[in-house]
Amino acid sequence: MKNLSTVFLIFLSFGFLTAQNKEKDTTKIIQLKEIVLIGKKAATYQKEAKSLGTIDEYLNQSSRINMIKRGAYAWEPIINNMPTERTLVTIDGMRIFGACTDKMDPITSYVEVTNLSEAVVQDGQSGSLFGNTIGGSIDLKRNKTIFGEKKLEVQLQSGFESNNSQKILGSSVNFKNEIFYFDLDVMSRNAENYSAANNQEVLYSQFNKLNFSNILGFQIKENKLIETSIIYDNATDVGYPALTMDVSLAKALITSIKYEVIPKNSIIENWETKIYFNTIKHVMDDTTRPNVPIHMDMPGWSETFGYYSKLKYRFEKHHFLVNLNSFYNKSLAEMTMYPNNPNENLMFMLTWPDVRTFYNGVFLEDTYDLSRNSNLTLNISLGSHINTVTSEFGLESLQIFYPEMSDTKSRFLKSFGANYHFSKLGFHCHFGVAYSERAPSVSEGYGFYLFNSFDGYDNIGNPNLKNETAIEGNFSIGLQKKKFRIKANASYFHFYDYIIAHTDFSLSPMTIGANGVRVYSSLDTATILNTSLSVEYFINQFFTWNVQTSYAIGKTDDNENLPFISPLSYISSLRFKKNKFTSEIKLVGNATQSNFNPEFGEDQTPNFAILNINAGYTFKFGTTKLMLKTGVENLFDKNYSTYSDWNNIPRMGGNFYVNLNYVF
């Protein structure tokens with residue numbers, strides 16, 4: 001607690017110092033809820049030091065996001081030190097659910113950097129626009145042009161990384177005129193096994209990926225448009241060195257059609273309605289692994305139909321947002337085990353017993369302008385959440401543990417929050433309180449012998465779990481001047497009925513070599529505290545210095561450590577920019593993870609610090625341009641892993657990359 005006291009004293013000191021400024025007010029109010037924009041315009045990825053980096057690398061730049069890494073591909077984002085059960089990830093507002101019981105297909109894996117416009121990260125309960133959440137939300141917004149003067153732009157992208165011989169090749173076409181726009185993006189990646197420090201090959205870390213994204217917009221009347229979109233993503237031969245199985249196929253088809261109205265001279269600012277459908281197929285197998293005790297196939301499927309209708313309007317000092325949203329999801333996963341003796345029968349089970357989830361919700365928000373410099377935002381989210389197990393075989397399997405279990409479970413979810421924002425003379429302040437609830441995930445409620453390779457236990461769901469609830473308090477303070485920007489954040493979550501798996505010694509494991517069986521249950525209470533501080537200093541017209549630090553603590557009701565809570569982490573960089581040339585040197589590190597919990601498979605991860613360098617130059621040839629980005633990651637080939645690297649899988653050693661982007 002001494003460390004926490006020091007952090008809060010630093011925050012308060014900054015607040016006291018910034019409050020002393022008495023300059024003339026020329027700044028409009030800015031809300032300081034944690035909304036991290038990867039970019040605000042199409043092709044913003046071109047401005048990044050590593051322009052063809054993965055989505056995982058982009059999201060990891062936020063102080064609110066960490067990534068659980070099980071391999072070189074498709075990391076799981078955790079917001080405010082909470083995994084995906086407690087958070088919400090959407091693509092252009094669409095609800096999508098992975099088809100893998102081991103979380104090997106996070107929603108972020110279905111978007112590429114070249115078709116990403118911005119990633120909006122909402123902190124805590126304020127991310128409940130498209131459904132209930134406790135930890136926060138990420139909405140991945142894709143590139144799209146807008147109606148205007150006729151213009152056609154074509155881009156070609158190519159990249160290479162030395163460590164895993166990753167080859168990147170892509171292309172995009174953007175066209176617009178006064179009544180039509182068209183955006184097409186194709187990107188492929190092919191990578192072999194990567195190497196940790198000292199050229200130690202990390203087996204089963206290869207992957208292949210193809211991503212296709214298309215958006216078409218039509219103006220049907222003045223201020224009215226119809227937009228259709230499609231995403232097709234296909235990953236094959238994906239290795240997961242931290243797990244016992246790999247992925248032969250991860251395929252997604254995501255489609256939508258949207259109708260939008262932008263009235264003129266009306267209290268209604270915008271009204272958009274979207275209908276969407278997506279289907280995910282995910283196939284785990286162990287055919288490439290040697291010395292497998294028993295061969296298994298584990299395919300999974302997820303299908304989601306949904307819609308939302310979002311209306312923004314204003315009345316005097318009120319700015320209203322109303323969103324009606326609904327989805328129907330089917331989650332099915334199975335496992336087939338093939339005995340070594342061909343005379344023995346196959347063993348089959350449904351690990352997700354064809355669970356159907358039907359959700360209907362409404363989100364209401366009112367931002368009231370208290371003055372020119374302050375406003376108050378109130379919001380509420382209400383939802384009906386119904387789970388139905390449609391497989392009789394799956395239902396009977398779970399009834400072994402829950403004889404009185406019915407095939408349907410209905411829940412009512414609610415959340416509400418109040419946030420105050422103040423901005424004057426470049427000084428910004430925000431504080432808020434919130435209450436939020438969530439339903440158990442499919443795995444937590446209905447999972448059947450899901451093996452967790454991190455702690456070595458089979459896990460069984462519990463359909464009788466209560467809704468998990470949390471009371472949240474958050475605070476931000478910042479100062480923005482010509483020479484520098486500084487911002488500090490703190491958020492505190494007090495949970496009730498915190499869902500977590502506990503060992504049941506009366507049950508025997510199904511997985512060969514497992515430590516035992518754990519059944520999902522609830523802690524009476526738990527707490528998570530997150531803090532972060534960021535500073536940006538403009539040394540002169542050429543040099544900019546950045547520092548970002550974060551620290552968190554998570555405790556159970558018995559004062560034990562919660563799993564996957566980040567230690568002190570930091571990023572410090574010095575950037576140089578002059579005309580068409582840019583360069584940067586960046587230091588990235590973590591302190592020792594001392595607040596770990598061995599019961600959940602964690603151990604003490606040592607501190608580390610790595611150095612990255614990069615440079616870029618833009619060549620112009622008339623109306624065309626070529627952007628070259630190159631750099632070295634982990635310059636000194638440091639051997640390290642972080643607290644969130646599954647089973648201490650080592651991170652990549654020294655890596656040289658080059659990215660090319662040709663625009664014409």
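The values are calculated or read from the model by the stated rules, or taken from the named source; none is laboratory data. Bear in mind the structure is a predicted one, so any value in this text is a computation, not a measurement. Don't worry about glycine lacking a Cβ; one is built from the backbone with ideal geometry, like all the others, and counts go over all protein chains shown.
Of all residues in segment 518-528, which are surrounded by fewer than 21 Cβ atoms within 10 Å (Cβ to Cβ) and farther than 17 Å from SER441 by Cβ?
ASP524, THR525, THR527 - these are the residues of segment 518-528 that are surrounded by fewer than 21 Cβ atoms within 10 Å (Cβ to Cβ) and farther than 17 Å from SER441 by Cβ.
In segment 433-491, which residues are touching an Asp or Glu at 6+ places or on another chain (Cβ under 6 Å) and either of a type in the set (D, E, K, R) or under 19 Å from LEU523 (Cα atoms) (or both)? Don't jump to the end; show me each part of the working.
From segment 433-491, those touching an Asp or Glu at 6+ places or on another chain (Cβ under 6 Å) are 434, 438, 441, 449, 451, 461, 466-469, 485; that's our starting set.
Correct list: ARG438, SER441, GLY461, LYS466, ASN467, GLU468, THR469, ARG485.
Pick out the one residue from ASN607, ASN595, ASN590, ASN612 that is among the polar types (S, T, N, Q) and closer than 25 Å to VAL658 by Cβ.
Numbers: ASN607 fails: closer than 25 Å to VAL658 by Cβ; ASN595 fails: closer than 25 Å to VAL658 by Cβ; ASN590 fails: closer than 25 Å to VAL658 by Cβ.
Every option except ASN612 fails the conditions.
Take the residues of segment 151-183 that are part of a strand (DSSP E or B) and among the β-branched types (Val, Ile, Thr): which is nearest to GLY654 (Cα to Cα)? Walk me through how you get there before you give the answer.
We begin by selecting, within segment 151-183, every residue part of a strand (DSSP E or B); these are 151-161, 166-176, 180-183.
Adding the requirement that they be among the β-branched types (Val, Ile, Thr) leaves 154, 168, 173.
On the way: VAL154: 33, ILE168: 19, VAL173: 34 Å.
Per the criteria, the residue is ILE168.
Is it the case that SER63 is within 24 Å of MET187 (Cβ to Cβ) and at pLDDT below 95? Don't jump to the end; show me each part of the working.
Numbers: within 24 Å of MET187 (Cβ to Cβ): no; at pLDDT below 95: yes.
No.
Looking only at segment 394-413, filter to residues that are surrounded by 13 or more Cβ atoms within 10 Å (Cβ to Cβ) and hydrophobic (A, V, I, L, M, F, W, C); which one of those is farthest from TYR359 (Cα to Cα)?
Filtering segment 394-413 for residues that are surrounded by 13 or more Cβ atoms within 10 Å (Cβ to Cβ) and hydrophobic (A, V, I, L, M, F, W, C), the one farthest from TYR359 (Cα to Cα) comes out as PHE401.
Name the strands (runs of 3 or more DSSP E) wholly within segment 567-655 that hold at least 3 residues that are among the polar types (S, T, N, Q)? Steps first, please.
On the way: elements: 569-578, 581-590, 608-621, 624-633.
Passing ranges, in order: 569-578, 581-590, 608-621.
Could you count how many residues in segment 264-291 are closer than 30 Å to GLU316 by Cβ, outside any strand (DSSP E or B) and charged (D, E, K, R)? Before the answer, list the steps.
Our first condition is that a residue be closer than 30 Å to GLU316 by Cβ; within segment 264-291, this holds for 264-274.
Keeping just the survivors that are outside any strand (DSSP E or B) gives 264-267.
So of that shortlist, the ones also charged (D, E, K, R) come out as 264.
Residues meeting the conditions: 1.
Please find, among GLU118, GLU85, GLU112, the residue that is in contact (Cβ under 8 Å) with a residue 24 or more places away in the chain and either farther than 28 Å from VAL283 by Cβ or among the polar types (S, T, N, Q) (or both). Lay out the reasoning, then the answer.
On the way: GLU85 fails: either farther than 28 Å from VAL283 by Cβ or among the polar types (S, T, N, Q) (or both); GLU112 fails: either farther than 28 Å from VAL283 by Cβ or among the polar types (S, T, N, Q) (or both).
Exactly one of GLU118, GLU85, GLU112 is in contact (Cβ under 8 Å) with a residue 24 or more places away in the chain and either farther than 28 Å from VAL283 by Cβ or among the polar types (S, T, N, Q) (or both), namely GLU118.
Taking segment 289-346 as the region of interest, how many residues are farther than 30 Å from ASP92 by Cβ and more than 29 Å from the chain's Cα centre (by Cα)?
Matching residues across segment 289-346 total 21.
Just checking, which of GLU633, GLU599, GLU560 is of a type in the set (Asp, Glu) and in contact with a Gly (Cβ under 8 Å, 6 or more places away or on another chain)?
Details: GLU599 fails: in contact with a Gly (Cβ under 8 Å, 6 or more places away or on another chain); GLU560 fails: in contact with a Gly (Cβ under 8 Å, 6 or more places away or on another chain).
Going through GLU633, GLU599, GLU560 in turn, the sole match is GLU633.
With the checklist (1) under 17 Å from ASN561 (Cα atoms); (2) buried (at least 18 other Cβ atoms within 10 Å of the Cβ) in hand, flag the one item GLU599 doesn't pass.
(2)
For residues that are part of a strand (DSSP E or B) and of a type in the set (Gly, Ala, Ser), tally how many sit in segment 362-374. If you could, list the steps in order and put the result at the bottom.
Of the residues in segment 362-374, the ones part of a strand (DSSP E or B) are 362-369, 374.
Applying the additional criterion that residues be of a type in the set (Gly, Ala, Ser) yields 374.
Qualifying residue count, segment 362-374: 1.
Just name the residue that is farthest from PRO606 (Cα to Cα) out of those in segment 628-664 that are aromatic (Phe, Trp, Tyr) and in contact with a Ser or Thr (Cβ under 6 Å, 6 or more places away or on another chain). Full working, then the answer.
At the first step, the residues of segment 628-664 found to be aromatic (Phe, Trp, Tyr) are 636, 640, 643, 646, 656-657, 662, 664.
Narrowing the set further to residues that are in contact with a Ser or Thr (Cβ under 6 Å, 6 or more places away or on another chain) leaves 643, 656, 664.
Details: TYR643: 9, PHE656: 25, PHE664: 48 Å.
Of everything passing the filter in segment 628-664, PHE664 is farthest from PRO606 (Cα to Cα).
Can you find a residue that is farther than 30 Å from ASP455 by Cα, touching a residue at least 60 places away in the same chain (Cβ under 8 Å) and of a type in the set (Asp, Glu) anywhere in segment 579-601?
yes
Pull up segment 314-361, narrow it to residues that are in contact with a Phe, Trp or Tyr (Cβ under 8 Å, 6 or more places away or on another chain) and part of a loop (DSSP other than H, G, I, E, B), then point me to the one that is surrounded by the fewest Cβ atoms within 10 Å (Cβ to Cβ).
Among those that are in contact with a Phe, Trp or Tyr (Cβ under 8 Å, 6 or more places away or on another chain) and part of a loop (DSSP other than H, G, I, E, B), it is LEU346.
Where the second residue is in a strand (DSSP E or B) and the first is of a type in the set (D, E, K, R) and lies in segment 289-306, which pairs have Cβ atoms under 6 Å and are six or more apart or on separate chains?
ASP297/ASP285; ASP297/THR336; GLU303/THR279; GLU303/LYS330
Would it be correct to say that PHE416 is under 17 Å from ASN387 (Cα atoms), surrounded by fewer than 18 Cβ atoms within 10 Å (Cβ to Cβ), aromatic (Phe, Trp, Tyr) and at pLDDT 95 or above?
Working: under 17 Å from ASN387 (Cα atoms): no; surrounded by fewer than 18 Cβ atoms within 10 Å (Cβ to Cβ): yes; aromatic (Phe, Trp, Tyr): yes; at pLDDT 95 or above: yes.
Considered against the rule, which asks whether it is under 17 Å from ASN387 (Cα atoms), surrounded by fewer than 18 Cβ atoms within 10 Å (Cβ to Cβ), aromatic (Phe, Trp, Tyr) and at pLDDT 95 or above, PHE416 comes out as no.
Listed residues ASP237, ASP233, ASP286; which is modelled with pLDDT of 95 or more and buried (at least 17 other Cβ atoms within 10 Å of the Cβ)? Please lay out each step first, then the result.
Details: ASP237 fails: buried (at least 17 other Cβ atoms within 10 Å of the Cβ); ASP286 fails: modelled with pLDDT of 95 or more.
Answer to the selection: ASP233.
Look at segment 396-411 and say how many of its residues are hydroxyl-bearing (Ser, Thr, Tyr) and in contact (Cβ under 8 Å) with a residue 24 or more places away in the chain. Talk me through it step by step, then tell me what you get.
So in segment 396-411, the residues hydroxyl-bearing (Ser, Thr, Tyr) come out as 397, 402, 406, 408, 410.
Filter again for in contact (Cβ under 8 Å) with a residue 24 or more places away in the chain, leaving 397, 402, 410.
Of the residues in that region, 3 qualify.
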